[in-house]
Structures are given as structure tokens and as C-alpha cells.
Amino acid sequence: MKNLFVTKAALLGGEPIRSKRPGYFSWPIGGQPEKEALRRVLHSGVWGTLGKECSDFAAKYAEFCQAKHALPVINGTTAIELILRGLGIGYGDEVIVPPYTFTASVHAIVLTGAKPVFADVDLDTFCLSAAAVEKSITPRTRAILGVHVGGRPVDFDALGAVADKHGIPLIEDAAQAHGSEWKNRRIGSLGKAAAFSFQNSKNLSGGEGGAITTNDDDLYQRLWSLHHNGRPRNSTDMTSVCLGTNARLSEWQCAILLAQMKNLDACPEARTRAAARLDNALGKMPFISVMRKDERITRNSYHLYCFRYHAKALGNLPRSVFVRAIQAENVAAISEGYCQPIYDMKILYSDDFKRMTGCTFENPKSRLPNNETIAYKEGCWIYQSSLLGTDDDTDKIIQAFEKVAANAEELKQTFA
Ligand SMILES: Cc1ncc(COP(=O)(O)O)c(C=O)c1O
């Protein structure tokens, strides 16, 4: 018999919990400080690069990351590629990477000529598993690229131990992890080097942009030359000292980033508060698993609030319908996440891949059961700006989960 007390889900034509999406979902947020920043550059006569905005931003961002150096570059993809090049990694080498990441992590490896080797992730963190990394190491392994998925730091203790044991560097893909901390130390200061993205959606946004942070003086010098067509640092010499590229970030973007840095201090409290509230409520729902608590993570940027959805516990309501139903309630921007694993994408089996790396790629699917589960069945995210409301706003997200659960059978009959 139909439960008369269940409010009809918005996706089924019922009244949504919110009539429309609230303003705080919009990201990035710009205002007077950004206008002033752009005006400053306009009148400075230096629009291109390597001016005061760039050096000011580099200094401030290095300080924020508790790192010795920060090098602004054009985007996060190039930041990863340059780090690998700076470490002399390329053709014939292997780089271990998790499959649960944005394709950029893998593109950057392939662009150097190296081969990506996928190691599985943990079900309750979505991040690289140290045990899986250990099994993936071969004599050709030259680096581990740890991705801080959604802003959650990788397990530096376990991954660092594997990296040290084999004498290979741990590089951070910190594209989503601005301001996250591991044992009170900032992301960007723990690995050999870290790559950040300032793409439109990121917690620190310049529309586009990126940065590399490192504590290694020699690596920094090499990276500086690499990002400036191989030219030597602190010299007007036009002779290139290495084969580089132009990855310089413009003064416009550095000025915007300087203005946007205020968000790095203003927003984390709201996201952390909302995430804790969600963990507490969603963690009690039989169809949701929240991410594992880890006291060593002293701050999480929560670029994405990740969780697992168990369709079986909701009468086999497919994940895609569940996500659409939450979306329709206008309470959160939610996604099924990286639902096609990179190793299942055609790009890795293309002639381009063979030409660039000199090798063929075999599908490692059978070695990656956790990623298969997360990508194809259970993984979900809520985007960071949906966590910027009040407690009452967060409670509306929780309410939406309850409401969709109560409508699961009808949603399945209608949409599955
Ligand atoms: C995990 C991860 N790595 C790398 C990147 C690449 O950054 P960008 O888009 O700035 O090139 C992104 C950005 O979306 C990302 O999320």
C-alpha cells in the first residue's frame, strides 16, 4: 500500500524542498576586490607575466602552503607535467597513478612520454591504496602521483613509506586540496612537489591557472626554467638552459588569485561544519557509507564531499536516478563523479598513446576492484559550494536524502 505520509519527490512532480537553487551555489564569487585587482593590472602596464602580481601571489601562496617555493603556471595539468619533466621523467618510465581522478592526472603523465600505471584506491577514502602501490612497482617506476581526491589528503605515512623504501618521489596532485592538512602540515609542503589547479570550480579560482609548490631549491630552479622556455632564472640571457615551454601565468590571473585568496580563509569553516553534519546524519542511513574518519587529517578542503551510495539498500534504485532525484530537490549540486574509469577510455588504446609512450596499454581492470565499485556503482560527490550554507541549509540536504529514500520504489518504477 502507498505510504500517504511520504512527500512526493520533486523528480516525480512533487514540490521540491527548495523552489530554486540558492545563490551560494554559484562559484566563483567576485566583487570589488577583484575589480580593483583587474584595474591595478590595467594601469600597471605589465599584463603578460612575471610582474609584481605574479611574485606577490607566488610568495603568498608558498606561505599559505607552508612550502619554500610556489611557481604560478597556466593550469594544473601543466603543473603535473612540468614536475615530472623537472624530475627527468619521460619516455620509458612508469608513473603510478590512481584511476579515480580527473583524466588530467593521466594526460600529464602521457605528455611526458611516460606510461601511467594504475594502482587501486581504498573504498573508504577514494584515495590511492599504499598496498596497491607497492604491488605496482617495477624497475621502471619513477614516481608515485598521489591524488588528494576531493581535498582529502592521501595517507602520507603509508605512501611515504613505500616511496622511501623504493627511493622514488611522491608527487602530490593537489588540484582539489588547497589548504588541506596532514598532521597540521599543509598540502603542498609534504611531497617532493605538488600541483594545484585554479580552474573555475576550484576552491581557489582564477578561472584557469595553476601552481607548483616544492621545498626543493634545485627542482624549483629547473621548474622555473621549464615554465619559461628553458631560460635561466634571474638572468636576461636568451640562451635556453633546457628544453622548456611557455607555462607562465598572466598578471591578470595572478591579481585575481591574490584577491580570491581571502576565500581560502573564509570558506573552510563552513565546509568543515557542513561535512561533519552530513557525516553524522548520512552515516546512519543504511544506503550511504561516508568516508573513513582519520585524525591525521587535520583539515580537509572538501572540494568534494565524497560518499558511497548502496543501491541494494534502497530497493535497487539506480545511482543515476538517486542523484537526479536529489538534484531535483535544489538542495545540493551532486554528481556520480568519475563514473568511467580512465583505463576504460579509448585514449589509452589509441595510436597517439603508442606514439607518445612507445608502448601499448593493457586494461588493468581486474586488479582494481575498489575503483570498479566506486566508479561504476557507488561513488558520489556533493560540490564544495553546496557546503557553504547554514546548518539549516545542510539539514535540507539531509532531508532530501530521506525524502528520496522514501520515494525509492516509485522512482525506480518510473525511471529505472
Ligand atoms: C585531480 C585533478 N588533477 C588535475 C587537474 C587539472 O587541473 P587543470 O584543469 O587546472 O588543468 C584537475 C582539475 O580539474 C583535477 O581535479
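The values are calculated or read from the model by the stated rules, or taken from the named source; none is laboratory data. If you're wondering where the values come from, they're calculated on a predicted model, not measured in any experiment. Every residue, glycine as well, gets a Cβ built from its backbone with ideal geometry; the counts of neighbours run over all protein chains shown.
What the table below lists for this structure:
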read-out	value
Top-ranked residue in segment 334-348 [being touching a Ser or Thr at 6+ places or on another chain (Cβ under 8 Å) and more than 10 Å from THR103 (Cβ to Cβ); ranked as surrounded by the most Cβ atoms within 10 Å (Cβ to Cβ)]	ILE334
So PHE126, is it surrounded by 20 or more Cβ atoms within 10 Å (Cβ to Cβ) and either within 10 Å of the ligand (Cβ to nearest atom) or within 14 Å of GLN176 (Cβ to Cβ) (or both)	yes
Qualifying residue in segment 197-207 (condition: touching a strand residue (DSSP E or B) at 6+ places or on another chain (Cβ under 7 Å), over 25 Å from CYS267 (Cα atoms) and either part of a loop (DSSP other than H, G, I, E, B) or more than 11 Å from the ligand (Cβ to nearest atom) (or both))	no
Hey, LEU84 of a type in the set (A, V, I, L, M), crowded, with 16+ Cβ neighbours inside 10 Å and at pLDDT below 95 or not	no
Those residues of segment 210-229 which are touching a Gly at 6+ places or on another chain (Cβ under 8 Å), in a loop (DSSP other than H, G, I, E, B) and crowded, with 16+ Cβ neighbours inside 10 Å, in sequence order	HIS227
Positions within segment 172-195 being in contact with a Gly (Cβ under 6 Å, 6 or more places away or on another chain) and assigned to a strand (DSSP E or B), in sequence order	GLU172, ALA194, ALA195
Meets criteria (of a type outside the set (Asp, Glu), within 25 Å of the chain's Cα centre (by Cα) and not in a helix (DSSP H, G or I)) for ILE382	yes
Given (1) closer than 28 Å to TRP381 by Cα; (2) in a strand (DSSP E or B), index of the condition PRO16 fails	(2)
Residue count, segment 240-255 (criterion: among the hydrophobic types (A, V, I, L, M, F, W, C), in contact with a Leu (Cβ under 7 Å, 6 or more places away or on another chain) and either closer than 15 Å to TYR61 by Cβ or assigned to a loop (DSSP other than H, G, I, E, B) (or both))	3
Restricting segment 235-262 to residues that are among the β-branched types (Val, Ile, Thr) and free of Cβ contacts under 8 Å to residues at least 12 places away in the same chain, the residue that is nearest to LEU82 (Cα to Cα)	THR239
Matching residues, segment 131-158, being in a helix (DSSP H, G or I) and either in contact (Cβ under 8 Å) with a residue 40 or more places away in the chain or surrounded by fewer than 24 Cβ atoms within 10 Å (Cβ to Cβ) (or both)	ALA131, ALA132, GLU134, LYS135, SER136, VAL149, GLY150, GLY151, PHE156, ASP157, ALA158
Residue check, ALA259 more than 16 Å from the ligand (Cβ to nearest atom), in contact with a helix residue (DSSP H, G or I) (Cβ under 6 Å, 6 or more places away or on another chain), assigned by TED's automatic domain parsing to the domain that holds PHE156 and not in a loop (DSSP other than H, G, I, E, B)	yes
